[in-house]
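Some notes on the structure that comes next.
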């Protein structure tokens, strides 16, 4: 068992330092690169915080949908193949809901400020 | 070639073809990878200086991708567009072997803005914004109306071939994306087939490739992905949500409505097929998503180990939510 603080806590501390202390001191292309870097750290923090739960939900949903066991990658590959072959489509019970939930979980990590995501969350 | 040798060669070239030119100054590289560069410089002349842009592939570098039209073809298309009244930079010179600068061309520099967030939000563009969707329609009708017989050699690509290319690109990455599969399936089932009108298609008509001023669109740039095909492709691509930069209720580049763009297109003599436009919007959304995945591949495998590339890879999920909003809306 590794000791505390957790990775997400460490990365958040670094990102906050860069954002609050360093970013105001630099300009131009370096400032742009720094912003991209801070965005990357924020993304990692969100993934470390959110993905254990969302991955577990996705895995459970895939098992129910496909009626079999496997890893996330295997089951996603299987679902992808079934959609490609037409064996599964939007009229298959649970598919549309599954795709929406897994996609929203990705956006929550990747780009929670993306306008389409914000709109969908408002309407939920 | 060192920068000094390059600047010398460019000055020698300019003196040969530009009447009265005495030399150049302020040569600065704007962008470029190994295979393609963009330079800004000023041609000095007693009658008045000319602000110019050079686009070139240095000697020894071919085209950047199998889809690229080639710089000679780009120059020819810009010339045709300029003559057809499409806002375009005037092409001043196409490089020849005598220039010893590789392949490429020199054009007049057009002042204005290409950064979407400024165009969509800054006061300077407030008067232009409500007119831009219609103007984009007018411009697209103009470029689609260019006489087919006058065009340089271009590949012709149908919707069916484009679906196949995207499927191959996506599958080659070996990472499962059920939403992309859903989109590929929808595209195959809704493929409108060969278009009645096959015209010049710009291929990348969106923010970043449009120079915009307070008076509207001043220039259409970057004909690298030009080809012959269904003209509705350009109308669909400009509607892809990724080019709305947050203004998601204004489908045409975050500027205005499809209806405004269609009205401008038809007033300028074009015929709109809204179903085909929707088809190409779905295709374009998937295409941008796959391009984002390609950035992630290049980040991992290529020499450019940059944060920007890596982070663009994480933008493919944006196109997944947009594809779901298009193909499987919740309400």
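Scanning segment B:165-176 turns up no residue that is farther than 28 Å from residue B:313 by Cβ and out of contact with any strand residue (DSSP E or B) (no Cβ under 6 Å at 6 or more places or on another chain).
Being farther than 22 Å from residue B:310 by Cα and within 10 Å of chain B (Cβ to nearest Cβ) is a property that residue A:91 lacks. Only residues that are closer than 18 Å to residue A:109 by Cβ and crowded, with 18+ Cβ neighbours inside 10 Å were counted across segment B:277-309, and they come to 6.
In segment A:107-124, which residues are without any contact (Cβ under 8 Å) to a residue 40 or more places away in the chain, touching a helix residue (DSSP H, G or I) at 6+ places or on another chain (Cβ under 7 Å) and in a helix (DSSP H, G or I)?
Correct list: A:107, A:116, A:117, A:120.
The set of residues in segment B:85-112 being surrounded by 17 or more Cβ atoms within 10 Å (Cβ to Cβ) and touching a helix residue (DSSP H, G or I) at 6+ places or on another chain (Cβ under 6 Å) consists of B:86, B:88, B:91, B:93, B:94, B:99, B:101, B:103, B:104, B:105.
Per-residue answers, yes or no, for (1) assigned to a helix (DSSP H, G or I); (2) over 20 Å from residue B:323 (Cβ atoms); (3) without any contact (Cβ under 8 Å) to a residue 60 or more places away in the chain; (4) under 19 Å from the mean Cα position of the chain (by Cα):
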{"position": "A:57", "(1), (2), (3), (4)": "yes, yes, yes, yes"}
{"position": "A:68", "(1), (2), (3), (4)": "no, yes, yes, no"}
{"position": "A:90", "(1), (2), (3), (4)": "no, no, yes, no"}
{"position": "A:96", "(1), (2), (3), (4)": "yes, no, yes, yes"}
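Every read-out reported here was derived from the displayed coordinates using simple, explicitly stated rules and does not represent laboratory data. Since we're looking at a predicted model, the values are computed, not measured. Cβ: placed from backbone, ideal geometry, glycine included. Neighbour counts: every protein chain shown.
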